[in-house]
Amino acid sequence: MRDVADVKDIVFDPVKGGISCFTLKDRGLSAGPLKRALLWKKVHALGPDAVMIRDEAVLEDDEEAVRQQLDAPGWGNVLGARMLTEEGTSLGTVTDVVLETGRTPKVIGYEVDSAAEAGRRVFLPVIGPKSVSGK
């Protein structure tokens, strides 16, 4: 077993509420993107500290499919997005996404910088989101 790459981004599928794929970067402090992606369906196991694959052959050679997904309506980076109630009240800014691991991982909540109390982070569970968008 050896380290292949670091996860750069987790690509979220807003329709299914789960992970579509991972974008990867070279290992090390000054490493850049690998221009490769790991589709969720090719993940062997997911743990708190590692994403396991059977071998490097499962990696996609081109991130073009990932870029197309990110540009599609409803897709995008949710980190830094404002979290709003249905009435439009700002709850804060998304700082992290909390995943439940397993055969089909899903987003179970968000860590949010509170709009009500500066400097306070809160956990907001997913109960049934209407939409998720970084735009």
When a/c reaches 1.5 or more, the comparison of a/b and b/c decides; with that in mind, is the stretch 82-125 rounded, prolate or oblate per its Cα gyration tensor? oblate
Label points 7 Å out from Cα along the Cβ direction at residue 25 and residue 127: separation in nm? 3.6 nm
Using amide H atoms built 1.01 Å from N in the peptide plane, name the residues 5+ places from residue 20, or on other chains, whose amide H lies under 5 Å from its own. 11, 12, 13
To the nearest Å, what is the center-to-center distance of the stretch 4-26 and the stretch 82-122, using C-alpha atoms only? 18 Å
Cα→Cβ-extended label distance, 7 Å offset, between residue 15 and residue 79, nm: 2.6 nm
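Under the definition of Cα pairs under 8 Å and six or more residues apart, what whole-number percent is the relative contact order of the stretch 82-125?
30 percent
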Going residue by residue through the stretch 46-58, the Karplus relation 6.51 cos²θ - 1.76 cosθ + 1.60 with θ = phi - 60° gives ³J(HN,Hα) values, rounded to whole Hz and with x marking Gly or Pro, of 10, x, x, 10, 7, 10, 9, 10, 6, 6, 5, 5, 7
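Computed from the coordinates by the stated procedures, all read-outs in this text should not be read as laboratory data. This structure is a prediction, so every number in the text was calculated from the model and none was measured. Note that each Cβ is placed from the backbone with ideal geometry, even for glycine, and that neighbours are counted across all protein chains shown.
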